[in-house]
Amino acid sequence: MTASPERVALDVATQSDAPLLANLLELYIHDLSDVFQGLEVGPDGRFGYRRLPLYWSEPDRRVPFLIRMDGRIAGFALVQRGSPVNPNPDALDIEEFFVLRQYRRAGVGRIAARLVWNRLPGSWTVRVAEDNRGALAFWRDVIEKYTDGSASEAPVLRDGRQWRIFSFSSAGLNDNGRARSHHI
């Protein structure tokens, strides 16, 4: 299966999508538990994601997206304005990004990342844990291609973990190459 821009869609999630996002976040955090030691399920058998309600209570600062492939759920992207590693309060930040395993290595994540950056023009920060080697390779390649090599990349030590920080700007083009205006 190979993704193409016509087959991948990025939809803003609504509050009625919160249970769906909560379920996808469980899969995402489970995947991350290989990299981030200490992630434990609660007594209810779920990891939980305490910041999810903020995506509806702070709509000027956060946008939740669902990623679809041929109309089927393929993942999500959670975007926030303001980054814990960027002093610019208006910088956009990929807080979380997840593609279901069956859609990985088919181009879905690459297309979805470009759709996010094109939908929300501005200054961007992408944070990746250095020991999450697969994610680091993915983001480095996708950002390099998206920016034609103009992104900056820097290591940062935060909370005892080494991170790779990518910074760049998006022009906010729609899928047809035209300027788009959508702000959070």
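Worth a mention:
- Restricting F36, F47 to residues that are under 24 Å from R161 (Cα atoms), aromatic (F, W, Y) and surrounded by fewer than 16 Cβ atoms within 10 Å (Cβ to Cβ) narrows the list to F36.
- In this entry, G45 passes the filter for residues that are at positive phi, without any contact (Cβ under 8 Å) to a residue 60 or more places away in the chain and of a type outside the set (D, E, K, R).
- Summed over the range 26-41, the residues that are in a helix (DSSP H, G or I) and either in contact with a Leu (Cβ under 8 Å, 6 or more places away or on another chain) or without any contact (Cβ under 8 Å) to a residue 40 or more places away in the chain (or both) give a count of 5.
- The residue that is nearest to F97 (Cα to Cα), counting only those in the range 1-25 that are of a type in the set (S, T, N, Q) and in a loop (DSSP other than H, G, I, E, B), is T14.
- Condition met for R127 (in contact with a strand residue (DSSP E or B) (Cβ under 9 Å, 6 or more places away or on another chain), more than 19 Å from A171 (Cβ to Cβ) and of a type in the set (D, E, K, R)): yes
- Condition met for A137 (in a helix (DSSP H, G or I), crowded, with 18+ Cβ neighbours inside 10 Å and either among the small types (G, A, S) or modelled with pLDDT under 95 (or both)): no
- Residue that is modelled with the lowest pLDDT, among those in the range 117-134 that are within 22 Å of I67 (Cα to Cα) and in a loop (DSSP other than H, G, I, E, B): N132
The values are calculated or read from the model by the stated rules, or taken from the named source; none is laboratory data. Worth saying up front: this structure is predicted, and the values here are computed from it rather than measured. Note: ideal-geometry Cβ built from the backbone for every residue, glycine included; neighbour counts use all protein chains shown.
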